[in-house]
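Input: a single structure, listed below in structure tokens.
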């Protein structure tokens with residue numbers, strides 16, 4: 001059966017599975033309160049897409065919509081079924097759905113040795129094998145560096161900064177002050 005996508009809200013029957021996968025897949029420092037994810041969706045700044053196969057929960061993504069950019073803020077596949085092609089199929093669905101958009105995402109940098117370096121390298125290779133390229137930008141946030149990958153074009157530093165302000169609001173952006181850096 002093909003992978004199905006559901007544009008979800010807080011009343012979706014899979015929302016508890018999404019929340020559980022969200023909390024188990026991302027380090028606490030990278031998480032925003034789950035209620036804020038739902039608020040972004042309610043304000044039409046984002047879409048929470050749930051992936052299912054034969055009515056079984058596969059994973060989810062949170063997509064920020066800004067002009068002609070889709071920012072994959074979170075993307076996770078159920079741990080029990082990773083390695084079966086679902087992640088690649090989900091990325092393909094995103095590209096097919098947003099065919100005339102640039103799609104960006106951030107991954108933990110592979111340029112510095114982290115304690116999960118092997119996982120970081122596998123993650124980067126996964127995205128590169130699924131049509132993403134290095135965007136030439138990095139983001140320094142909360143003591144961590146993230147490299148940006150893109151599918152469908154290029155992105156400028158100022159565009160990304162404006163996307164963050166759109167998503168976070170001016171005050172929170174100013175307060176958190178993520179630093180966008182051009183890669184050499």
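Here, each number is a calculation from the coordinates, and none is a lab measurement. Please read all numbers here as calculations on a predicted model, not as lab measurements. Every residue, glycine among them, receives a Cβ derived from its backbone with ideal geometry; neighbour counts consider all protein chains shown.
Using bins of 10 Å that start at zero, the share of Cα-Cα pairs per bin across segment 40-104 amounts to 21, 52, 24, 3, in whole %.
Taking the convex hull of the alpha carbon positions in segment 51-140 and averaging its projected area over all directions gives 6.7 nm².
When the P(r) is computed for segment 85-184, the part past 23 Å accounts for 31% of the Cα-Cα pairs.
The simple spin-label model puts a point 7 Å past each Cα toward its Cβ; for residue 4 and residue 44 those points are separated by 2.7 nm. Across segment 4-182, the mean sequence separation of Cα contacts (distance under 8 Å, 6 or more residues apart), normalised by length, yields a relative contact order of 16 percent. Here the peptides 154-163, 129-138, 61-70, 2-11 are ranked by packing, the mean other Cβ count within 10 Å, and the order with the highest first is 61-70, 129-138, 154-163, 2-11. Taking each residue as 0.36 nm, the span from residue 30 to residue 16 lengthens on full extension beyond its C-alpha to C-alpha distance by 3.1 nm.
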